[in-house]
Amino acid sequence: MTEIYPRDLIVDTSLPDSDQFAVTAVDGRVGRGIRANIPFGRGTRVAKFAGTLSNTVFQHSLQVSPETHLHDPYFVGLLSHSCAPNCVLDMQRLEILALLDIEPGELLTIDYAVTEDTLYRQFPCNCGSSHCRRWITGRREAVNEEGRAYLAQLAAKLPRVHRGAR
Ligand SMILES: [Zn+2]
């Protein structure tokens, strides 16, 4: 077993370790993610997490309050986004909770818009959920220009309904 967090951040012995989780490359996508090595039941605590507080939004930060962000490039900041996630964050207790039963090998996912007013970077999503929003923003920001162009391009690819001439 090796610790996932560096020594100076391990202030709590219940922080996650590599017996429970693997920090891995995510298949077919750029970036890393977190996989469960052991099962977690729906509604249970998956892990506690830690980090450093900042007033800046980083790529791997999570919003605690409008002015405060927890920067964790080791674990929780690496969680993947899904529009139908298997986890949710409690940003007061700094805990990950399971929304669904999670099997060993499964990627842990959260909905970034649940915690973030404004994302470090908006991005396209193809998570496979029937509720997929296709372009992910923070909960208090509009789709940016790149997103509008992306969504317009997707809409143009949809089969057109023939209206029929009269
Ligand atoms: Zn999605």
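Every number here is computed from the coordinates shown, using simple stated rules; none is lab data. Quick caveat: nothing in here was measured; it's all calculated off a predicted structure. Cβ: placed from backbone, ideal geometry, glycine included. Neighbour counts: every protein chain shown.
Once amide H atoms are built 1.01 Å from N in the peptide plane, which residues 5 or more positions from residue 47, or in another chain, come under 5 Å H to H?
Excluding prolines and chain starts, which carry no amide H, the hits are 96.
Putting +1 on Lys and Arg Cβ atoms and -1 on Asp and Glu Cβ atoms, find which of 34, 68, 85 reaches farthest to the positive end of the dipole of the chain.
After comparing all options, I get 85.
Quick one: compute a quarter of the convex hull surface over the Cα atoms of the chain and quote it in nm².
Quarter of the Cα hull surface area: 12.1 nm².
Could you work out [θ]222 nm for the chain from helices alone, using -39500 (n - 2.57) per DSSP H run of at least four and dividing by all its residues? Round to the nearest 500 deg cm²/dmol.
-3000 deg cm²/dmol
Within 10 Å of each candidate Cβ there may be at most 14 other Cβ atoms; applying that plus a DSSP loop requirement, which trypsin sites (Lys or Arg not before Pro) in the range 26-115 survive?
29, 42, 93
Can you tell me, using C-alpha contacts under 8 Å and at least 6 residues apart, the relative contact order of the range 7-157 as a whole percent? Could the numbers behind the result be given before it?
Values: 302 pairs, mean separation 30.4, N = 151.
It comes to 20 percent, rounded to a whole number.
Between the range 68-91 and the range 92-121, how many Å separate their Cα centres?
4 Å
List the residues whose amide H sits under 5 Å from the amide H of residue 4, counting only those 5 or more places along or on another chain, with H placed 1.01 Å from N in the peptide plane.
Sorted by chain and number, the residues that satisfy this are 18.
So what are the ³J(HN,Hα) numbers for the range 142-151, from phi and the Karplus equation (6.51, -1.76, 1.60; θ = phi - 60°), rounded to whole Hz, Gly and Pro as x?
Coupling constants for the range 142-151: 7, 4, 7, 4, 4, x, 4, 5, 4, 5 Hz.
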